[in-house]
Amino acid sequence: MTLAVILKQVPDVVEELAIAPSGTDLDRDSVSYVVNEFDEHALEEALLLREATGEDVVVVGVDTTGELDQALYTALAKGAQRAVKLVGDFEGSWLSTRALAGLLAPVIRELSPRLVLTGVQAPDDLDGQLAPTLGALLDWPHTGVVVGTELADGVVRVRKELWGGIMLDLELATPAVLGIQAARATPRYVPVGRVRQAMRESTIEEVEVETPVESAPKLSRLRAPEAAGRAEMLTGSPSDVAERILEILRARGLY
Amino acid sequence: MLTTPERIAFLLLALASLLLTLRGVRLIVRAIGRGYGRPSWGVFLRRVIPVSLDILLQRPIFRTRPLVSLLHAGVFFAFVFYGLVNVLDLLEGFNGYSTLHASGVASAYNLVADLLSVAALLGMLGLLLRRFGLRPFRFNRAVFLLPSVRFGISRDSAIVGGFILLHVGSRWAGQAVRIAESGRPDWSQPTASLLAALLGGLDAATLAVASHVTWWLALGLILAFLPYFPYSKHIHLFMAPLNLILREEKPLGRLEPPVGNGQVGAARLEELRWYQILDAYACIMCNRCQDVCPAHGTGRALSPAALEINKRYYLNRNLNSFAGGTASPPLLETATSRAAVWSCTTCGACVRICPVGNRPMLDLIDLRRHLVFAGDEIDPNLQTALESLSRYGNSFGKSARQRARWAKDLPFPVKDARKEPVEYLWFVGDFASFDPRMQENTKTVAQLFHQAGLDFGILYEDEWNSGNDVRRVGEEGLFELLVEHNLAALGKARFRAIVTTDPHSYNALRNEYSALGLDVPVYHYTELLAELLERGQLQPSKRLQAVATYHDPCYLGRYNRITAAPRRVIRALGLELREMPRHGENTYCCGAGGGQIWMDSGGQERPSEQRIREAIALGEDVRYFVVACPKDMAMYSDAVKTTGYEHRLTVIDVARLVAWATGLIELEREAAPVSQS
Ligand code: SF4
Ligand code: SF4
């Protein structure tokens, strides 16, 4: 049996992001990509499950960036057994979560995994829709905000984090789709030598897919955040400070 | 003269003893041969004479502990001479040849033998007294020791010491007996004659028996001891010179790449190189390496001595099976612990001090290589640093584009060496580029270069971490990645020489990169500053009247012997330099090297704090703790605060002092020295 992990690349925000002249996209030439942080946790959780049960881990991704290989090889170097890359004509568009799920669902069904693990959310999927959408398309049980898993006969026991630190333990029939919030351990370090070894010795399976017809809302404008968070320390006697506060409020038309 | 049965017995015993010894030696050779690689005979031929001379002069031993070294020298010279003495004594036993009451050369021989016997006895007594009385063997509680080691070290020392005492003592007493038998003192053997005077009262029969007994105790004892010899630390007698002679003349700052064939680093004894196994046999268990180890000195689990001693005792106990080719248990179960492996700062002090040429540090790096490659859990901070290094080329998690941001604040542009040729390519280094506390220094260095009219440029975002510490953390693949990147970037630039601010980068570029294809001179900025001052390109307008001490960075002072240049700068500014006890090549580590700067040291007193105390002990009037390494600046600025000496001692980069003297910058009030224009 296998555990499928979905990996997605997102722009690296350590690098400065710029908006393309079109105004509806990032300047892709200056963007570099990293694996969505939560997906890293999904992979780590899958690897931990593998260590406990001996399942094979298959990483799956849609290559929207042209650079997915790096992420897949890294996953192989960390201990995944197979890597599947979905390729198609996606250049110049961000796939919506719904479109992504649509592409992934048939491929995953084919893999017939015991579990599908993905990050609970991503910078372009802040409401964490990937796991539920996939679950719906596959008609498998699903849940999100998972912080721990354990496989048993025909079920997976998961621990979810609720508000205020309250934990919820659930049992889902497998196959199931899980949105991982945090793996039980920090995602492991993979030495560069191992990644290079994987690049030499393993192959990435490719699956050609049709570009989905989007029914998602159309993007009209992308904007950089306004410079914010300017703080000013007010000093002096209490009456000076009060005076200054009034001035500020007045300047902003609040008083 | 021996009786015939005695002679036969001696010959038979000698044969048995030699066969047993030979067996042991052969096993040892085979054990060492299980390591990777083979010694080079070219190296042997080239080094055998100069190194033997060094050994005869006892140079490697006198690096530290003068008194103990003197005792050792006494024992050593006696031992060398005793080779001859034993042969002559053998002759005496078998055909009655004797130098007693002889004259000429033989009397000179007698005199030397007589005096050396006493020297050896006293030397040995002194060494034993020290080991068992004054300074018994101690390790930090956290240090991993094989159970056999705890008791074994004392036992081995006692046996070897006892053997030497009994062997030399019996020979000496034997001479006295023979002098007593002759009835008159032999003036060429004064001390034995003195003893003979005490024996004067004994009758002839007793003396005859005593003569036989002492002969057997002196020479027969060797036969009894020989088979034990390969298992004792006495074997350093052969292994230490061999180790010293066969050591390739490579800089300490150039590590060997992993052995290849899929194996990265070493998990087991047989995965080490041959000389790392030889180290265990050369080790004399003196603990000198432990004394200078900053990790052990701050209570951590690492003792380089314990590592070698454990290896040795493991081998002693399992020599048969190990030499026979059986896989040995992991080194982490027999030689050292994870905690120890990760506390090494790769300061190289153990390597420098070891009198027998051991390099325990290399084992630790090989173990790290293994652990990292095998996916063993590593310190989370280290992991973050490595991930950042492989992604952005720096350990700060910052975009490479921000590397040269500091240069924007300068009143002049810094040349881009990728776009125009420069004389000096300045390899700035991570800390100097990214650490906000260090950027001021970096700007100062740039201003000084500018002021001196130096033609220099930088690589901007194409400079990546040199990988010096990455390699020493054991992440060999990442090291290769960084080297590839930097070599490509350097290939795009045109320059005559490289100058670095960071001693770690300096070491990598000079020693590691040169082995991988880089062929240009590399300078440390202190070398350049010294020259610019001496050539008058930098002109101090003020003299600094203060007392300063200077901390040699391990990778500058010890690894690359750049100790004069920074001192030339300090003196050129008019400062009075007062040295800490540990300076130059014997400097003490700041605790940041070998990747420690990225790891959590675990809350004990840090080496940097001990170092500040060392400086404080130099006297009230020491104002400056001068550093020449961005990491030192970070470590010691912290340490001077945590030790509470912030107001007494100012930690300052040598470049800042120069810049102050040339009028480039002002120093904060409390940092400014008393000056005269
Ligand atoms: S290199 Fe330094 S820290 Fe490491 S074992 Fe040797 S003396 Fe100790
Ligand atoms: S390794 Fe060298 S310095 Fe350390 S105990 Fe052995 S002989 Fe002494």
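The values are calculated or read from the model by the stated rules, or taken from the named source; none is laboratory data. It should be emphasised that the depicted structure is a prediction, and the values quoted were computed from it without experimental measurement. FYI the Cβ positions are ideal-geometry reconstructions off the backbone, even for glycines, and counts take in every protein chain you see.
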Requested in this report: Please state which of the following conditions B:Asp376 fails to meet, knowing it meets all the rest: (1) farther than 24 Å from B:Val259 by Cβ; (2) in contact with a His (Cβ under 9 Å, 6 or more places away or on another chain); (3) away from ligand 2 (no atom under 16 Å from the Cβ).
Outcome: (1)
Report summary line: Selection over segment B:209-238 where residues are charged (D, E, K, R) and free of Cβ contacts under 8 Å to residues at least 60 places away in the same chain yields a count of 0
Requested in this report: Take B:Asp291 and decide whether it is in a helix (DSSP H, G or I), among the charged types (D, E, K, R), within 14 Å of ligand 2 (Cβ to nearest atom) and surrounded by fewer than 23 Cβ atoms within 10 Å (Cβ to Cβ).
Outcome: yes
Report task. Evaluate the following for B:Val422: is it at pLDDT 95 or above, surrounded by 21 or more Cβ atoms within 10 Å (Cβ to Cβ) and more than 14 Å from chain A (Cβ to nearest Cβ)? Result -> yes
Query raised in the report: If only one of A:Pro225, A:Pro212 is crowded, with 16+ Cβ neighbours inside 10 Å, more than 14 Å from every other protein chain (Cβ to nearest Cβ) and either over 21 Å from A:Phe38 (Cα atoms) or at pLDDT 95 or above (or both), which one is it?
Result: A:Pro212
Query - Residue tally, condition assigned to a helix (DSSP H, G or I) and surrounded by 14 or more Cβ atoms within 10 Å (Cβ to Cβ), over segment B:91-121 - result: 18
Query raised in the report: Any residue at all in segment B:253-260 that is within 16 Å of ligand 2 (Cβ to nearest atom), hydrophobic (A, V, I, L, M, F, W, C), surrounded by 20 or more Cβ atoms within 10 Å (Cβ to Cβ) and at pLDDT 90 or above?
Result: no
**Report entry** Which listed residue, of B:Leu244, B:Leu307, is away from ligand 1 (no atom under 16 Å from the Cβ) and not in a loop (DSSP other than H, G, I, E, B)
**Finding:** B:Leu244
Query raised in the report: What are the residues in segment B:444-459 that are in contact with a strand residue (DSSP E or B) (Cβ under 9 Å, 6 or more places away or on another chain), buried (at least 19 other Cβ atoms within 10 Å of the Cβ), part of a helix (DSSP H, G or I) and not polar (S, T, N, Q), if any?
Result: B:Val445, B:Ala446, B:Phe449
**Report entry** Some residue of segment B:499-506 being within 27 Å of B:Glu249 (Cβ to Cβ), acidic (Asp, Glu) and away from chain A (no Cβ under 14 Å)
**Finding:** yes
Report summary line: Here, helices (runs of 4 or more DSSP H) confined to segment B:312-363 with at least 2 residues that are away from ligand 2 (no atom under 12 Å from the Cβ), surrounded by 23 or more Cβ atoms within 10 Å (Cβ to Cβ) and under 21 Å from the mean Cα position of the chain (by Cα) are B:338-341
Query raised in the report: If you check B:Ala617 against the conditions, is it under 30 Å from B:Leu528 (Cβ atoms), more than 14 Å from chain A (Cβ to nearest Cβ) and more than 15 Å from ligand 1 (Cβ to nearest atom)?
Result: no
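Each row is one residue, and each column tells you yes or no for (1) over 26 Å from B:Arg184 (Cβ atoms); (2) modelled with pLDDT under 90; (3) within 35 Å of the chain's Cα centre (by Cα).
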position	(1), (2), (3)
B:Val80	yes, yes, yes
B:Gly83	yes, yes, yes
B:Phe94	no, yes, no
B:Ser98	no, yes, no
B:Gly104	no, yes, no
B:Ala119	no, yes, yes
B:Leu128	yes, yes, yes
B:Pro136	yes, yes, yes
B:Arg141	yes, yes, yes
Query raised in the report: Would you pick out the residues in segment B:558-599 that are away from ligand 1 (no atom under 13 Å from the Cβ) and either within 14 Å of chain A (Cβ to nearest Cβ) or more than 25 Å from the chain's Cα centre (by Cα) (or both)?
Result: B:Arg568, B:Val569, B:Ile570, B:Arg571, B:Ala572, B:Leu573, B:Gly574, B:Leu575, B:Glu576, B:Leu577, B:Trp598
Query raised in the report: So which pairs qualify, if the first residue must be in segment B:292-305 and outside the structural domain of B:Arg582 (by TED's automatic domain parsing), the second must be hydroxyl-bearing (Ser, Thr, Tyr) and within 9 Å of ligand 2 (Cβ to nearest atom), the Cβ gap must be under 8 Å, and the two must be at least 6 apart or on different chains?
Result: B:Cys293/B:Ser303; B:His296/B:Ser303
**Report entry** One residue from B:Arg359, B:Arg401, B:Arg368, B:Arg391 being within 16 Å of ligand 1 (Cβ to nearest atom) and within 12 Å of chain A (Cβ to nearest Cβ)
**Finding:** B:Arg368
Query - Filter result for the condition that a residue is surrounded by fewer than 22 Cβ atoms within 10 Å (Cβ to Cβ), touching a strand residue (DSSP E or B) at 6+ places or on another chain (Cβ under 7 Å) and of a type outside the set (S, T, N, Q), over B:Ala374, B:Ala417, B:Ala400, B:Ala404 - result: B:Ala404
Report summary line: When segment B:405-424 is checked residue by residue, the ones that are under 15 Å from B:Val499 (Cβ atoms), outside any loop (DSSP other than H, G, I, E, B) and of a type in the set (D, E, K, R) are B:Lys415
Query - Index of the failed condition, A:Gly179 passing every other in (1) more than 14 Å from every other protein chain (Cβ to nearest Cβ); (2) touching a strand residue (DSSP E or B) at 6+ places or on another chain (Cβ under 8 Å); (3) surrounded by fewer than 19 Cβ atoms within 10 Å (Cβ to Cβ) - result: (3)
Report task. Working carefully through the options B:Arg141, B:Arg131, B:Arg150, find the one that is in a helix (DSSP H, G or I) and without any contact (Cβ under 8 Å) to a residue 24 or more places away in the chain. Result -> B:Arg150
Query raised in the report: Taking only pairs six or more apart or across chains, which ones have beta-carbon atoms under 6 Å, a first residue in segment A:186-208 that is within 7 Å of chain B (Cβ to nearest Cβ), and a second residue that is among the polar types (S, T, N, Q)?
Result: A:Tyr189/B:Gln383; A:Val192/B:Ser390
**Report entry** Which listed residue, of B:Ala266, B:Ala280, B:Ala301, is assigned to a helix (DSSP H, G or I) and either hydrophobic (A, V, I, L, M, F, W, C) or within 16 Å of ligand 2 (Cβ to nearest atom) (or both)
**Finding:** B:Ala280
